[in-house]
Amino acid sequence: MTAAAAIGIMCKAPRPGQTKTRLAAMIGADAAAALSACFLRDIAATIEELPARLRCKGYGVYAPAGTEPELRRIFPSSFGLLLQADSEFGNLLYGATRDFLAGGHDCVALVNGDSPTLPRALLVEAVEALRRPGDRMVLGPASDGGYYLIGLKTPHRHVFTDIPWGTDAVARLTIERAAQIDLETVLLPEWYDVDDATTLGWLRDELAGRSDRFRDGGDAAATRAYLATTSMAAK
């Protein structure tokens, strides 16, 4: 039987004042934390809905230590948790990749926790690409120049090296790092993170069926229900 692919959601426990700070400046710390929890629930639900033939295992890749009970209440019971605590984001990504592969998974896809409508088809495409013979990186570029997904089947430290995290150069430089070590890159279609007023507007438009840019996304049931009960839904 094929070993399971690890799909890890990079996340923090959604605590007011400690998560989604750019959104919090607009909608308040409590609402931003509640929305972050909804995002995590929706991404996890999408992972749970992946076809059984793919043999995938979902995880929350989290920090800080001690927040496990909060995350257990958010993620499905089938999900595992992997603590990765480091001040440098590249070390978090590399450490999770290394640990999942060392734990017996045949490939790893790490996704951000800010894309509640991430299409299931993109995760399927990522896992299928990783499972093809030969080594490669799968990258899902985000609209802000970062990426919403990185997939590997070998823990290549170089693709996480000297990356200016949080800038619009992240995806471009990650592709360059892969080329420097002759690692094939498979690019997925663009998607988006929700982390400011503009992208929250994109989310509202997508959920309302008004988006011309982002289509066929996940249902995002938790996020949809939360927005429907708040004034944010109508803005």
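The values are calculated or read from the model by the stated rules, or taken from the named source; none is laboratory data. The structure presented is a predicted model; accordingly, all values stated were derived computationally and were not measured. Cβ sites come from the backbone with ideal geometry, for glycine too, and all protein chains shown count toward neighbours. Protein only, heavy atoms only, side chains kept; ligands, DNA and RNA dropped before computing areas. Shrake-Rupley method; radii C 1.70, N 1.55, O 1.52, S 1.80 Å.
Tabulated data
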| read-out | value |
| --- | --- |
| Where R213 falls short, out of the listed (1) modelled with pLDDT of 95 or more; (2) within 18 Å of A121 (Cβ to Cβ); (3) not in a helix (DSSP H, G or I) | (1) |
| Residue in the stretch 174-182 that is hydroxyl-bearing (S, T, Y), surrounded by fewer than 17 Cβ atoms within 10 Å (Cβ to Cβ) and closer than 23 Å to I9 by Cβ present | no |
| Conditions (1) open to solvent by less than 10 Å² (accessible area, probe 1.4 Å); (2) touching a residue at least 60 places away in the same chain (Cβ under 8 Å); (3) in contact with a strand residue (DSSP E or B) (Cβ under 9 Å, 6 or more places away or on another chain): number failed by G90 | (3) |
| Selection within the stretch 40-79 - within 21 Å of G218 (Cβ to Cβ), among the small types (G, A, S) and not in a loop (DSSP other than H, G, I, E, B) | A44, A45, A52, G58, G60 |
| Count - residues of the stretch 102-141 that are of a type in the set (A, V, I, L, M, F, W, C) and open to solvent by 10 Å² or more (accessible area, probe 1.4 Å) | 4 |
| Single unsatisfied condition, D193 versus (1) surrounded by fewer than 13 Cβ atoms within 10 Å (Cβ to Cβ); (2) among the acidic types (D, E); (3) closer than 21 Å to A121 by Cβ | (1) |
| M10, sole failed condition from (1) out of contact with any Leu (no Cβ under 7 Å at 6 or more places or on another chain); (2) among the aliphatic types (A, V, I, L, M); (3) at pLDDT 95 or above; (4) open to solvent by 20 Å² or more (accessible area, probe 1.4 Å) | (1) |
| Selection status of R204, touching a helix residue (DSSP H, G or I) at 6+ places or on another chain (Cβ under 9 Å), open to solvent by 50 Å² or more (accessible area, probe 1.4 Å) and more than 21 Å from L110 (Cα to Cα) | no |
| From the options A24, A5, A63, residue that is closer than 26 Å to K153 by Cα, surrounded by 14 or more Cβ atoms within 10 Å (Cβ to Cβ) and at pLDDT below 95 | A63 |
| Residue within the stretch 1-15 that is of a type outside the set (V, I, T) and within 18 Å of L227 (Cβ to Cβ) present | yes |
| Entirely in the stretch 93-205, the strands (runs of 3 or more DSSP E) that have 2 or more residues that are closer than 30 Å to L23 by Cβ and touching a residue at least 60 places away in the same chain (Cβ under 8 Å) | 107-112 |
| Cross-chain or 6+ apart pairs with Cβ under 8 Å, the stretch 55-67 first and over 17 Å from A6 (Cβ atoms), then assigned to a strand (DSSP E or B) and open to solvent by 40 Å² or more (accessible area, probe 1.4 Å) | A63/K12; A63/L83; P64/K12; A65/L83; T67/K12 |
| Filter result for the condition that a residue is surrounded by 15 or more Cβ atoms within 10 Å (Cβ to Cβ), closer than 21 Å to G95 by Cβ and touching a strand residue (DSSP E or B) at 6+ places or on another chain (Cβ under 9 Å), over V170, V186 | V170 |
| Condition broken by A45, with the remaining ones in (1) more than 24 Å from G201 (Cα to Cα); (2) crowded, with 19+ Cβ neighbours inside 10 Å; (3) not basic (K, R) satisfied | (1) |
